[in-house]
1. Inspect segment 115-122 for any residue being β-branched (V, I, T), at pLDDT below 95 and either not assigned by TED's automatic domain parsing to the domain that holds R66 or not in a helix (DSSP H, G or I) (or both) and give the result as yes or no.
2. Can you say whether E132 is crowded, with 24+ Cβ neighbours inside 10 Å and within 20 Å of Q74 (Cα to Cα), as far as the supplied structure shows?
3. Find all pairs meeting these conditions: Cβ atoms under 7 angstrom apart; at least six residues apart or on different chains; first residue within segment 155-177 and free of Cβ contacts under 8 Å to residues at least 60 places away in the same chain; second residue acidic (D, E).
4. Quick test of your reading of the structure: L106 fulfils all but one of (1) surrounded by fewer than 24 Cβ atoms within 10 Å (Cβ to Cβ); (2) within 16 Å of the ligand (Cβ to nearest atom). Name the failing condition by number.
5. For L185, all conditions in the list (1) assigned by TED's automatic domain parsing to the domain that holds A100; (2) touching a residue at least 40 places away in the same chain (Cβ under 8 Å); (3) surrounded by fewer than 18 Cβ atoms within 10 Å (Cβ to Cβ) hold save one; what is the number of the exception?
6. Looking at segment 142-159 only, could you name the residues that are open to solvent by 10 Å² or more (accessible area, probe 1.4 Å) and outside any loop (DSSP other than H, G, I, E, B)?
7. For segment 336-351, does any single residue satisfy the condition of being over 29 Å from Q180 (Cα atoms), within 23 Å of the chain's Cα centre (by Cα) and open to solvent by 10 Å² or more (accessible area, probe 1.4 Å)?
8. Would you pick out the residues in segment 257-278 that are without any contact (Cβ under 8 Å) to a residue 24 or more places away in the chain and either in contact with a His (Cβ under 6 Å, 6 or more places away or on another chain) or open to solvent by less than 40 Å² (accessible area, probe 1.4 Å) (or both)?
Amino acid sequence: MDKIQQVVIDTFTDHFGEAPALLVRAPGRVNLIGEHTDYNDGFVLPLAINRTVWIALRPREDDRVRVYLMDFQQEVDFSLDQLEKGPSNPLEYIKGMAWALESAGLNLKAWEGVLKSDVPIGAGLSSSAALEMATARAFHAVSGFVWNKAQIAKLGQKTENQWIGVKSGIMDQMISVSGQAGYALLIDCRSLETELVPLPTDTAVVILDTSTRRGLVGGAYNERRAQCEEAARFFRVKALRDVNLDQLEAHMDQLEPLTRRRARHVVSENERTLAARDAMKANDPSKLGRLMNDSHDSLRDDFEVSTDALNAIVECARGHWACYGARMTGAGFGGCAVALVKANGATDFAQQVAECYRTATGHTAQIYITSAAEGASTV
Ligand code: GLA
């Protein structure tokens with residue numbers, strides 16, 4: 001049993017004087033490739049990771065949801081009949097998710113429980129999507145509505161967009177709800193169709209946390225979105241998903257240089273993501289690694305969402321013999337990079353990269369060798 005799982009059960013038992021009736025979980029994620037493509041109706045290729053939000057709970061008869069947030073040593077509660085926005089803190093994701101589920105006409109019952117997470121916050125590993133999906137799963141467990149993964153993911157995105165105020169895409173919620181152990185998932189962010197893609201044999205996925213943090217609510221993310229929408233308007237298409245590299249090149253001169261670079265990232269990243277899926281299906285880690293490297297360079301130079309710390313850790317990773325490829329992952333502006341490495345070199349890789357990164361920047365990296373986990377579930 002997962003260590004946190006046990007801690008959550010024990011804490012519930014101490015708190016409520018009996019064992020929890022239900023235990024639910026939802027994972028964070030790391031994106032292998034397909035960055036800043038989801039809100040352009042494009043393709044992404046993430047996997048759910050073995051970092052998880054856990055909730056132990058029991059139903060309540062009234063309308064109140066009460067949660068003990070172990071990581072904040074804080075007890076919060078709210079009424080399902082009176083959902084009002086408060087200052088942004090972990091509670092808002094729980095409340096916002098209740099609001100989104102109710103807005104879809106789902107009949108919610110109340111619950112009380114204990115919540116703990118080991119998804120690092122603000123690291124680009126989707127701690128908030130994991131919290132939303134775990135919350136949705138808790139409501140599902142006590143209320144019994146139909147668990148439609150795409151619908152639940154969209155309601156999580158609605159929570160982000162309308163309750164929290166971040167205009168994020170659909171990737172994080174989709175993978176947290178649909179991940180499968182041992183696989184990455186190609187997600188078509190327009191149709192929400194998914195395809196399981198196996199990780200190449202004898203490889204490990206390593207998460208390299210720079211220990212530098214971003215603020216997603218900050219303007220830079222929404223600004224990138226606006227720039228992409230402007231490029232789509234220029235091409236008179238719904239989203240940049242509908243533009244290919246030839247079309248982009250044919251009109252290069254008419255586009256303003258900044259818009260051109262933003263569009264070039266998205267259009268080329270969609271092509272790389274599909275090529276990455278093919279490389280994985282052909283069990284070709286070298287090809288996948290090259291595509292990941294190209295993705296990083298494009299995010300650094302054209303989309304301009306990388307940072308010195310991310311570039312430094314990526315360079316350290318690429319210098320190691322076991323590394324097939326490395327790139328920043330998630331929104332950028334800090335947080336994590338991801339590397340694909342030879343499984344038998346993963347431990348040495350983790351040590352060497354940590355040392356190299358400390359020498360280059362003075363920061364201490366957190367490095368996790370991860371496996372592909374299962375999406376949100378009731379245990
Ligand atoms: C954040 C958002 C996602 C996606 C990535 C960038 O994680 O929540 O929707 O846009 O950034 O790929």
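1. Within segment 115-122, the subset β-branched (V, I, T) is 119, 121.
After this cut, where a residue has to be at pLDDT below 95 as well, the list is 121.
Subset that is either not assigned by TED's automatic domain parsing to the domain that holds R66 or not in a helix (DSSP H, G or I) (or both): 121.
Yes; the residues of segment 115-122 include at least one that is β-branched (V, I, T), at pLDDT below 95 and either not assigned by TED's automatic domain parsing to the domain that holds R66 or not in a helix (DSSP H, G or I) (or both).
2. Values: crowded, with 24+ Cβ neighbours inside 10 Å: yes; within 20 Å of Q74 (Cα to Cα): yes.
Yes, satisfied.
3. G156/E132; V166/E160; Q173/E132
4. If we test L106 against (1) surrounded by fewer than 24 Cβ atoms within 10 Å (Cβ to Cβ); (2) within 16 Å of the ligand (Cβ to nearest atom), just (2) comes out false.
5. The single condition L185 does not satisfy is (3).
6. Restricting attention to segment 142-159, the residues satisfying the condition of being open to solvent by 10 Å² or more (accessible area, probe 1.4 Å) are 142-151, 154-155, 157-158.
If the condition is that a residue be open to solvent by 10 Å² or more (accessible area, probe 1.4 Å) and outside any loop (DSSP other than H, G, I, E, B), then V142, S143, K149, A150, Q151, K154, L155, Q157, K158 are the ones that fit.
7. Our first condition is that a residue be over 29 Å from Q180 (Cα atoms); within segment 336-351, this holds for none.
Within segment 336-351, none of the residues are over 29 Å from Q180 (Cα atoms), within 23 Å of the chain's Cα centre (by Cα) and open to solvent by 10 Å² or more (accessible area, probe 1.4 Å).
8. A275
The values are calculated or read from the model by the stated rules, or taken from the named source; none is laboratory data. Keep in mind that this is a model prediction, so the values were computed, not measured. Quick reminder, even Gly has a Cβ in these numbers, built from the backbone with ideal geometry, and neighbours come from all protein chains shown. Ligands, DNA and RNA are excluded from the accessible area calculation, which covers all protein heavy atoms including side chains. Shrake-Rupley method; radii C 1.70, N 1.55, O 1.52, S 1.80 Å.
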